[in-house]
1. Go through the stretch 13-43 and report how many residues are in contact (Cβ under 8 Å) with a residue 60 or more places away in the chain and β-branched (Val, Ile, Thr).
2. Given Ala155, Ala145, Ala166, which one is modelled with pLDDT under 95 and either more than 30 Å from Thr205 (Cβ to Cβ) or small (Gly, Ala, Ser) (or both)?
3. What's the number of the condition Ala158 fails, among (1) crowded, with 17+ Cβ neighbours inside 10 Å; (2) among the small types (Gly, Ala, Ser); (3) outside the structural domain of Asn20 (by TED's automatic domain parsing)?
4. Conditions first: (1) part of a helix (DSSP H, G or I); (2) within 16 Å of Leu89 (Cα to Cα); (3) touching a residue at least 24 places away in the same chain (Cβ under 8 Å). Ala158 passes all but one, so which condition is the exception?
5. Among the listed residues Pro106, Pro8, identify the single one that is outside any strand (DSSP E or B), assigned by TED's automatic domain parsing to the domain that holds Gly159 and at pLDDT 95 or above.
6. Hey, could you check the stretch 132-146 for residues that are out of contact with any Phe, Trp or Tyr (no Cβ under 9 Å at 6 or more places or on another chain) and assigned to a loop (DSSP other than H, G, I, E, B) and say which is nearest to Leu90 (Cα to Cα)?
7. Tally up the residues in the stretch 81-110 that are within 30 Å of His10 (Cβ to Cβ) and exposed (fewer than 13 other Cβ atoms within 10 Å of the Cβ), please.
8. Could you tell me which of the residues Leu253, Leu263 is among the aliphatic types (A, V, I, L, M) and modelled with pLDDT of 95 or more?
Amino acid sequence: MDDDAAIPLHDFQVLTLALNVPGPIAAARLVGLGASVIKIEPPSGDPLAQVCPDWYQALIRHQEIIPLDLKSSDNRSRLEQLLKTCDLLLTASRPGTLARLNLDWPTLHQRNPRLSQVAIVGFPGQQADLPGHDLTYQARLGLLAPPALPRTLVADLAGAEQTVSAALALLLARERDGIGGYRQVALTEAAATFAEPLNYGLTATGGKLGGGLPGYNLYQTRQGWIALAALEPHFWQHLQQVMEVNTLEQTALTQKDLAQCFLARTAVDWERWGKDHDLPIVALKEPMNNDENSYE
């Protein structure tokens, strides 16, 4: 495979005005596909740099950062020059804000017909100007279990991946007909795809993957917790063959049987035991150190 095939976006230029999380993640993914990315930030910088500087630095790797005050006419002129050389624009502002800056799609398309745009918004269509963040999007979809806050940003991450998909589709279409296109990615809709297992009952409390199967569950051990995912029949049958549990008249292990058995060892010991027996058992761990993450 030649180098161009390995980095399919090697000759594409992306300009991003998107701050916070979804836009920067999408831009980092596009860099990984070979695109050149210029990130425009306000003079105050991206808020992500303040709240999570290590992640911010990981995401902007290999990007050119240009601070511009888009309320300034001189800076707006600089932006217009950059847009003329770009293939794709990423935005994450509400439509009303973009319109005030003459960055709405009809205006952009008239000035730069080959330029494509992916607009990240919270809500689709006529509701795109409504405010929101990942927490409120998840709350609408029933993905929260109060009082605990979510351990990841489902809507933002899902939206980032949909942004990349939309960007690739637009660039492919532009290569075919020479005309730039527009796609809107609504974070609520992106998160809704992640809520489907819950809505269909699969991961709801008591559902097959929501505690209803003893072979697919979380168990406390002598020290720590483990995740057991003996979902396929061959794993479940093998687990029952190798577990040293007295089930009396029972023909299959119950959740109670397993809960009692797993208290005999530590989570780390059970993970090692699982590897020895070719079973999907993992000790629950705290989130990885940032140094282990990469967006290259």
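1. Number of matching residues: 5.
2. Ala145
3. Single failed check for Ala158: (3).
4. (2)
5. Pro106
6. Restricting to residues being out of contact with any Phe, Trp or Tyr (no Cβ under 9 Å at 6 or more places or on another chain) and assigned to a loop (DSSP other than H, G, I, E, B), the top hit is His133.
7. Residues flagged as within 30 Å of His10 (Cβ to Cβ) and exposed (fewer than 13 other Cβ atoms within 10 Å of the Cβ) within the stretch 81-110 amount to 4.
8. Result of the check over Leu253, Leu263: Leu263.
The values are calculated or read from the model by the stated rules, or taken from the named source; none is laboratory data. Bear in mind that the values here come from a model prediction, so they are computed numbers and not experimental data. Cβ coordinates were reconstructed from backbone atoms using ideal geometry, including for glycine residues, and neighbour counts include every protein chain displayed.
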